[in-house]
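Worksheet: one structure, shown below.
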Amino acid sequence: MSKTLNHTLAGIALLVLPAALSPASGAEPDSAVAPYASEVPSYAVRGDKSGTFLDEDEASMPIAQSIDFIVDQYLQQRGGYESLKSIVSVDYYGTRHVGSERYPLQRHEAPPNRSRILIKISESSNFESIRSDQGIRLEGSPPGIGTEAERVLLKTFDFYGTVVDWKMKNYAIKRRGMEKLPGVLSWKLEVDRPDGYRQILYLDSRYGDIVKELVVNARGVPIVEIARHDFRAVEGVRFPFAVEYKSPTGEVLASDRLERIEMKRRPS
Amino acid sequence: MSKPVLTLFAGLLWLALTPLVAWSADSLQKPYIVLDRDLNQLRADFNANVGKVRMLYIVGPTCGICLRGLSDLQEAIYAKRNDDPRLVTFVVHVPTLGAQEKNVAGASKLISNTYTTNYWEETGIIGKLMQQAMGAEIYLWDFWTIYDPQAAWSDEHQMPVPSFWQHQLPRLPSDRTLNANVFAAQVDTLLDRVPSSRSTGQPPSAAGADSGNTKQ
């Protein structure tokens, strides 16, 4: 073997050796002696903390907790299922802010999904929206929000909350992992309703409050976003005292500031 | 040297260097460190930061309750402390509830802090070592600890006992359930013992690993 070739082979050996020893040269580091979850007890590998399966989609933070776990948390923070079902009406009193304009607002809600909103526009005119057993009726133009969004809000209104009795209502819910909103880590749920509307809900992972909601129509077009803040307990049930309505582009259309919430329950 | 030999040499040089480049790029992209079963890197990082207040969290990256804990502590400690070099954090992600390594990167974003390092520990042995150190009856994860500045991890088979701990597990004392405000108050108490020199800090991964730390 020539001297030149010897040097060449020695050089090759020096170059190949580090590559052979580098972490990327083998399979997983220590895979032979460090099998996956070998030290974790079986109950914690799956099935613990109500977690069974991960999200199916590519959520940025998929979670193991089940939909029932998240819904139960929501119900607990609202006083429990039976307590929630004993509510027969809720009246809200406050102000709608649209830009620099302010309008006195009253809202009455009752089961199953009845709602009446009255907003005083001026001394002589009001906006009124009603959802009753007979359907939806609007009188006047809703300040800030627009007629289409107002109709969609009424159509998708659930007195007890979207996620309550979701199976009985034939809603399909998918988990979409967790998402960090400003100051709040939220459970993200996607709710497909039989009426074609879709709601993307963000529930505070600490309190179960629905802090953000995006309503999408049957054609997949986002209609309105609702951001809820300033949650306070009224007779054991948490309500948002500040609600912002935003366009799909994030523009604030209107915000409601509530001063008083009155709740009536069925006599026990 | 003849042209064929030179060509062969160049080809082998390329083959030899490609894995190194790939590995290096991979390390830079990962916002966490992959630990071996002996936890050598974690132990080195822990000991390299003696003299500082150290937090060690054992979490599952697909456990929403764990993620909420990280988020709560981000708000209660890290968002207020602004990269205090006296405060070093190790977040060890373990394979509970079906978690895989691919889940670690997303969870690593919940704490934003220069002196925090995330790790993926694929066997989950750290939970067993912590269980042994604490004398607990159950495997410890979703477990949140603080070590005082003097604590050292000398025995590789035995973790040091933390000076304060909280948890989010069903079978441990409820008065020890993670409360971010209580936890932050304990951190403040221990920090009072550490001089507030801004020049002492180095990210824990600088202790030996050439992998990236968690700063996003």
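Which pairs break 22 Å Cα to Cα here: A:K246/B:K80; B:K52/B:K80; B:K52/B:K128? Can you show the working numbers first?
Working: A:K246/B:K80 30 Å; B:K52/B:K80 18 Å; B:K52/B:K128 25 Å.
Table pairs above 22 Å Cα-Cα are A:K246/B:K80; B:K52/B:K128.
How are the Cα pair distances of segment A:128-190 distributed, in percent, across 5 Å bins from 0?
4, 14, 17, 16, 17, 16, 12, 5, 0
Relative contact order, percent, of segment A:115-268 when contacts are C-alpha pairs under 8 Å separated by at least 6 residues?
Values: 260 pairs, mean separation 16.8, N = 154.
Reported as a whole number, the value is 11 percent.
Rounded to the nearest 0.05, what FRET efficiency do B:D175 and A:R257 have when you use their Cβ-Cβ distance and R0 = 41 Å? All intermediate terms of the calculation are to be shown ahead of the outcome.
Working: r = 38 Å, r/R0 = 0.93.
Rounded to the nearest 0.05, the efficiency is 0.60.
Within 10 Å of each residue's Cβ, count the other Cβ atoms and sort A:Y81, A:Y92, B:Y57 from fewest upward. Kindly include the intermediate steps, with their values, before the conclusion.
Values: A:Y81 15, A:Y92 20, B:Y57 24.
Sorted ascending by nearby Cβ count, the order is A:Y81, A:Y92, B:Y57.
Using a cut-off of under 20 Å, list every residue of segment A:134-160 whose amide N is near the label point 7 Å from the Cα of A:D230 along the Cα-to-beta-carbon line.
Residues A:143-145 fall inside that zone.
Evaluate the distance, in nm, between pseudo-label points positioned 7 Å from the Cα of A:E123 and of A:D72 along their respective Cα→Cβ axes.
5.9 nm
Quick one: if you take sqrt(5λ) for each eigenvalue of the C-alpha gyration tensor of segment A:132-255, what semi-axes come out, biggest first, whole angstrom? Don't skip to the answer; put the middle values down first.
Working: eigenvalues 94, 66, 51 Å².
So the equivalent ellipsoid measures 22, 18, 16 Å along its semi-axes.
Within a 10 angstrom radius of the beta carbon, how do A:E251, A:E244, A:E262 rank from fewest other beta carbons to most? Show your work: numbers first, answer last.
On the way: A:E251 9, A:E244 18, A:E262 12.
Going from sparsest to densest Cβ surroundings: A:E251, A:E262, A:E244.
According to a simple spin-label model (label point 7 Å from Cα along Cα-to-Cβ), what is the distance in nm between A:V88 and B:K109?
With each label placed 7 Å out from Cα toward Cβ, I get 4.9 nm.
Taking neighbour counts of Cβ atoms within 10 Å as a proxy for exposure, in what order, fewest first, do B:V50, B:V88 appear? Please list the in-between numbers first.
Values: B:V50 13, B:V88 27.
Final ranking by Cβ density, sparse to dense: B:V50, B:V88.
What residues have an amide H closer than 5 Å to that of A:L185, excluding those fewer than 5 places away on the same chain, when H is modeled at 1.01 Å from N in the peptide plane?
Amide H neighbours of A:L185, under 5 Å, 5+ apart: A:S205.
Since every read-out is calculated from the coordinates, none of them should be taken as a lab result. Fair warning: this is a prediction, and the values are worked out from it, not measured in the lab. Cβ sites come from the backbone with ideal geometry, for glycine too, and all protein chains shown count toward neighbours.
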